[in-house]
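Please treat every number below as a calculation from the coordinates, not as lab data. No experiment lies behind these values; they were computed from the predicted model shown. Cβ placement follows ideal geometry from the backbone for every residue including glycine, while neighbour counts extend to all protein chains displayed.
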Amino acid sequence: MKKKVGLLLVVIAILAVLLSACGGGQSAGQSAGQPAGNSSGNGQSAGTSSGGGQSAGTSSGGEESCTVTFGAAVSLTGKYAKEGEYVSNGYNLYVEEINKQGGIQVGDKKCKVALKVYDDESKADRSAQLVEKLITEDKVQFLLGPYGSGNTYATTAIAEKYQVPMVEANGAATKIFNRGFKYSFAVLTPAPYYLRGIIDLALDQDPNIKTVAIIAENGAFALEVAGGAKDYAEEKGLEVVYFDKYAKDAKDLSSLLTAIKAKNPDILLGAGHLQDTLLIVKQAKDLNLSPKVFGFSVGPTSPEFRNALGSDADYVFGGAQWTPELKIQSDDVFGTPQHFTELYEAKYGETPPYQAAESAAALIAYQKAIEAAGSLDRKAVRDALAQLDYMSFYGKLKFNEQGMNIYKPMAVMQNFPDGKLYTVWPKDAATKAPIYPFKPWDER
C-alpha cells in the first residue's frame, strides 16, 4: 500500500512540473498576443507583458515568440482627461489591429505588440515620474507620448536621459524640440501652424475682413499657437486688435471677452484646450459676442464639444491635425482615414477626433522604423525614425533634424446645424463649403 501511495505522489509531482512549464510563455493574467484593451490608471498592461524587449516563450509551433512593449503616461484624470481618453483609444486601436496581423515584422519574425499605460493625472511632474518608472522598473522597450505640450516637455527630457526613443503625437510646442534632443519625435504639425487654416479660410470667404482678436491659455502650447496666429494674421494684412492670455484652469473669462466685444473683431481665435474652449463659447453667448469667425485650436473637432454645448456648437471652427475625409491611401494597418474611422466608430461608438488618429500614427511611425531597422535595438530604431519618410493614413510621417514633423498641413472642421462636423478646409479635402459668417447668438 505504501509503495502505491509513494508512486502516486511521484506521478502527481511530475504532472505539476509539466503543467507549470506549459504556462512559461505568458505574463501574469494575460496570454501572449492578447489584443489591447483600455488601460487603467494603475498601470494596467494592454497586451502581453510589462517587461521590455522580447518576452521569452515559444509558440504552439515550437518557434520562439517575441513581444515589443510600448509605455506611456497619459492623462486619464484631471483637466485633460477627455483628450487623454482619445489618446489612449488611438494607441489601443492600433495595438488591436496590428496584433490581428501577427504583430510587427522584426527581421525574420513577427513580434506581438503590448502597451503599458499609467495615468499622469494631467500633471507634468507626475508624467515625468511615470515615464522614468516605465523605463527603469517596467523595462518597456519604447516610449509613446502623453497628452499636452507641458507633459511632453517633461517626459522627453526623461527619454533623452535614458536614450529611449519617444514618438509623441500630442505635444506640438516647438520648445519641446529646441533642446538638441536626439530621441524625441513628433508626428503632429507644430503649434504655430494650428490656426493658419482658419485665417486662410476666413480671407477666402471674405477678403474684406480686417481685424482679429486672439486669446490664449498661459501654457507652452497655447502661447505658441497664439503667437503663430498673430504673426500669420499680420503677414496676411490683418490688424490684431486684442491679444491676451488667461490662467490655466481659469473659471471665468468674461472680463477678457467683454474687452474683446468692445473691439468688435471680425475674427476671434482661441488657443487652449477643450475645457477652455467650452468656457469661452458659453460666456461669449452670455455676452452676445458674435464675431464673423469663431475658431479654436482644440475642442470643436472633438465629440465632447457637441455633447457639452448642443446647438451652441453650431458654426464654430476648429483646427484639425487630421479629418476622416482626407483623401489618403496608405499600405499601413488602417489604409485610409475612412477605414480608421470605421474601426474607431465600431470600437468606441463615436467619430474619431484627430487626437486618436495622430496617436495611432505614432505607433505606425515606430512600426515602419522597426521594420527598417530589422531589430528592436533602441539606437537602430532611433536612427530609422530620423530617416523615416512615409505616407500613413494620417498623413506624411517625416521629421526634421529637431524631430518635428513640419511636412504635414493642418485642416479645418466646422460644426454644422445638422449636428455634424464637416471638413471645410483645405478646399481639395472639404466635404462641404463653410458656413459664413457665424450666426449671431441673438438671431438664433
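Observations, loosely collected:
- Links that overshoot a 20 Å alpha carbon limit, given the list Lys82/Lys251; Lys261/Lys420; Lys79/Lys245; Lys79/Lys285; Lys230/Lys427: Lys261/Lys420; Lys79/Lys285; Lys230/Lys427
- Angle between the chain longest axis and helix 274-287 axis [Cα atoms, degrees, rounded to 10]: 20 degrees
- Note on Lys112: lysines with a C-alpha under 24 Å away, same-chain residues under 8 apart excluded, are Lys100, Lys133, Lys139, Lys347, Lys368, Lys379.
- Amide H contacts under 5 Å for Thr211, placed H, 5+ residues apart: Glu239, Asp266, Ile267
- Cα-centred dipole magnitude for the range 241-391, charges only on beta-carbon of K, R (+1) and D, E (-1), debye, nearest 20: 520 debye
- Net length available on complete extension from Lys139 to Ile406 is 93.0 nm, with 0.36 nm assigned per residue and the Cα-Cα distance removed.
- Angle between the chain longest axis and helix 196-205 axis [Cα atoms, degrees, rounded to 10]: 40 degrees
- Angle between the chain longest axis and helix 2-22 axis [Cα atoms, degrees, rounded to 10]: 30 degrees
- For the range 212-260: rounded, prolate or oblate by the Cα gyration tensor [a/c cutoff 1.5]: oblate
- Straight-distance crosslink candidates among aspartates and glutamates, where the alpha carbon sits under 20 Å from Lys161 and sequence neighbours closer than 8 are dropped: Asp120, Asp125, Glu132, Glu137, Asp138, Asp377, Asp383, Glu401
- Look at the alpha carbon pairs under 8 Å that are at least 6 residues apart: their mean separation over the length of the chain gives a relative contact order of 15 percent.
- Between the listed residues Ala72, Gln338, Cys111, the Cα displaced farthest toward the positive end of the dipole of the chain, a dipole computed from Cβ unit charges relative to the Cα centre, is found at Cys111.
- Couplings 3J(HN,Hα) for the range 225-230, derived from phi with the Karplus relation 6.51 cos²θ - 1.76 cosθ + 1.60 (θ = phi - 60°), are 4, 5, x, x, 5, 4 Hz, where x marks Gly and Pro.
- Sum of -39500 (n - 2.57) over DSSP H runs of 4+, divided by residues of the chain (222 nm, nearest 500): -12000 deg cm²/dmol
- Rounded to whole Hz, the Karplus (6.51, -1.76, 1.60) HN-Hα couplings of the range 97-113, x for glycine and proline: 6, 5, 6, 5, 8, x, x, 8, 6, 10, x, 9, 9, 9, 10, 5, 10
- Modelled spin-label separation between Lys347 and Ser255, with each label point placed 7 Å from Cα along the Cα-to-Cβ direction: 4.5 nm.
- Cα gyration tensor category, rounded, prolate or oblate, for the chain with a/c compared to 1.5: prolate
- Placed amide H near Leu115: partners under 5 Å, 5+ positions off or other chain: Ala46, Gly47, Thr48, Phe70
- Size of electric dipole in the range 279-335: Cβ of Lys, Arg +1 and of Asp, Glu -1, about Cα centre, debye, nearest 20: 280 debye
- Overall size of the range 218-376 from C-alpha positions, given as principal axis extents largest first: 59, 34, 29 Å.
- Packing-based exposure ordering (other Cβ within 10 Å, fewest first) of Asp383, Asp428: Asp428, Asp383
- Under the Karplus curve 6.51 cos²θ - 1.76 cosθ + 1.60, θ = phi - 60°, whole-Hz ³J(HN,Hα) for the range 125-130, x wherever Gly or Pro sits: 5, 5, 4, 5, 4, 5
- Qualifying GluC sites (Glu not before Pro) in the range 318-413, where qualification requires a DSSP coil assignment and no more than 12 other C-beta atoms within 10 Å, comprise Glu401.
- Average projection, convex hull of the Cα set of the range 303-444: 10.1 square nanometres.
- Dipole magnitude of the chain about its Cα centre (Cβ charges: Lys, Arg +1; Asp, Glu -1), debye to nearest 20: 1080 debye
- Ellipsoid fit via the Cα gyration tensor, the range 140-211: semi-axes of 34, 10, 9 Å, each the root of five times an eigenvalue, largest first.
- Listed by chain and number, the aspartates and glutamates whose C-alpha is less than 16 Å from the C-alpha of Lys236, apart from same-chain residues fewer than 8 away, are Asp200, Asp204, Asp206, Asp266.
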